[in-house]
Amino acid sequence: MLFPFTRVWTRRQKAFIVGCVVCAFASFGALIYGYERYYRGPGQETLYGMWYGPNFFTNDPGYLELSRDGNFSFGTFSHDGQLHPIFEGRWYAGGTKIHLLFNPDTVNQRPWVLNIVDVEGDELRIRFFRDREVLSYHRIHSDSPRASNQKMERTTDRSARHF
């Protein structure tokens, strides 16, 4: 028997056990914080802005605008450079997927699920539904407030931090 029931724990033993438990929780918390702060990938803020690429239905160029407030717009450019939305609705990103939920008054369409293949700088590569073809979208940089010029950058190393 490892610890007999007749044994009385001393104050020093109790303090040692409590100290070990507190240190274990603090180490676990520091491990989680370190991962979240330095090693976790970018969030959905890297997707904000307007993306230019192929239209999902035709070979004409189109755009996909993902705004900060959770609204999206998908459409085409006219010959004079004006944007013409085809679909609008709400969007959210979860894991490696972008979910597009359409406004029911605009179109009676089931939600689309876009699989994110890669996000690298100003290029977004996605797979539409379960297609094998990978579509490449490029960020549109403009002076208008509609587009975002935010780039995806690596997080700083520990050696580069300044306190």
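Among the strands (runs of 3 or more DSSP E) lying completely within the stretch 12-85, list those that include at least 1 residues that are modelled with pLDDT of 85 or more and in contact with an Asp or Glu (Cβ under 9 Å, 6 or more places away or on another chain).
Hits in the stretch 12-85: 49-54, 71-77.
Looking at (1) of a type outside the set (Lys, Arg); (2) surrounded by 15 or more Cβ atoms within 10 Å (Cβ to Cβ); (3) within 19 Å of the chain's Cα centre (by Cα), which is the one condition that is false for residue 36?
In the conditions (1) of a type outside the set (Lys, Arg); (2) surrounded by 15 or more Cβ atoms within 10 Å (Cβ to Cβ); (3) within 19 Å of the chain's Cα centre (by Cα), residue 36 misses (2) alone.
Does residue 102 meet the test of being surrounded by 15 or more Cβ atoms within 10 Å (Cβ to Cβ) and more than 17 Å from the chain's Cα centre (by Cα)?
When the stated conditions are applied, residue 102 passes them.
Given the criterion under 15 Å from residue 124 (Cβ atoms), in contact (Cβ under 8 Å) with a residue 12 or more places away in the chain and surrounded by 14 or more Cβ atoms within 10 Å (Cβ to Cβ), identify the matching residue among 89, 53.
53
Considering only residues of the stretch 56-86 that are touching a Gly at 6+ places or on another chain (Cβ under 9 Å) and of a type in the set (S, T, N, Q), which is surrounded by the most Cβ atoms within 10 Å (Cβ to Cβ)?
Of everything passing the filter in the stretch 56-86, 73 is surrounded by the most Cβ atoms within 10 Å (Cβ to Cβ).
The values are calculated or read from the model by the stated rules, or taken from the named source; none is laboratory data. Please read these numbers as outputs of a predicted model, since none were measured by experiment. Counting neighbours? That spans all protein chains shown, and the Cβs are built from the backbone with ideal geometry, glycine included.
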